[in-house]
1. For Leu103 paired with Leu120, estimate the spin-label separation in nm (one decimal), with each label point 7 Å from Cα along the Cα-to-Cβ line.
2. Can you work out the FRET efficiency for the pair Asn86 and Arg4, with r the C-beta to C-beta distance and R0 = 41 Å, to the nearest 0.05?
3. Quick one: net charge around Ile59, please, counting Lys, Arg +1 and Asp, Glu -1 for every other residue with C-beta under 15 Å from its C-beta.
4. Can you work out the Karplus-derived ³J(HN,Hα) for every residue in the range 44-59? Use 6.51 cos²θ - 1.76 cosθ + 1.60 with θ = phi - 60°, whole Hz, and x for glycine or proline.
Amino acid sequence: SALRRPAEARDAVRKLRDAAFSAVQLATRDLRAMPWNAPIGRARALAFTSLPLSGVKRIRRLRGGTVNDVVLCVLAGGLHRYLRGNGIPTRGLELTALVPVSLRSPDEALMLGNRISAMLVPLAVDPVHEAPRLAATCTVTEQLKRSGAWAGIDALLGALDELPAPLVALVG
């Protein structure tokens, strides 16, 4: 197939190379000490909450963005308050979320199986107020969508599908 469509093959190789480079950068960069990246032990706790979709949609209608933008904004705001409450400054802090992205087109909506990828989204934990936080979130997610940020991870996941399971475990 690469011989029949060399331009597509070059594009796929470029996306795969970019995704692999990003994965190596993420895996090797120094992480700032945070309360949650300490060793796992008995003191570790997990908490859940729910967010009414009707409220999320109302905010989206009033302030713009997507439902996911609003949810990411709420997450960033919660992290902002948590970190500040624990004496950790958020000025210039970069936290990143791995956000699932649907690859389904509208005509594939009723098909079985998943068609998902993911993109790494910087969370706006720096702004103190919600309106600038949502604006920053909308700006960054729109830029990531326009650039096809999910394509590299999709290419990497596709390449992993072709490898034997023990090798995938080693890569993981």
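No lab work stands behind these numbers, since they all come straight from the coordinates. Please read all numbers here as calculations on a predicted model, not as lab measurements. In this analysis, Cβ positions are derived from the backbone assuming ideal geometry, glycine residues included, and neighbour counts consider all displayed protein chains.
1. 1.9 nm
2. 0.15
3. Every neighbour counted, the sum reads +4.
4. Per residue, the Karplus-derived 3J(HN,Hα) values read 5, 10, 10, 10, 10, 8, 10, 10, x, 4, 4, x, 4, 5, 5, 4 Hz.
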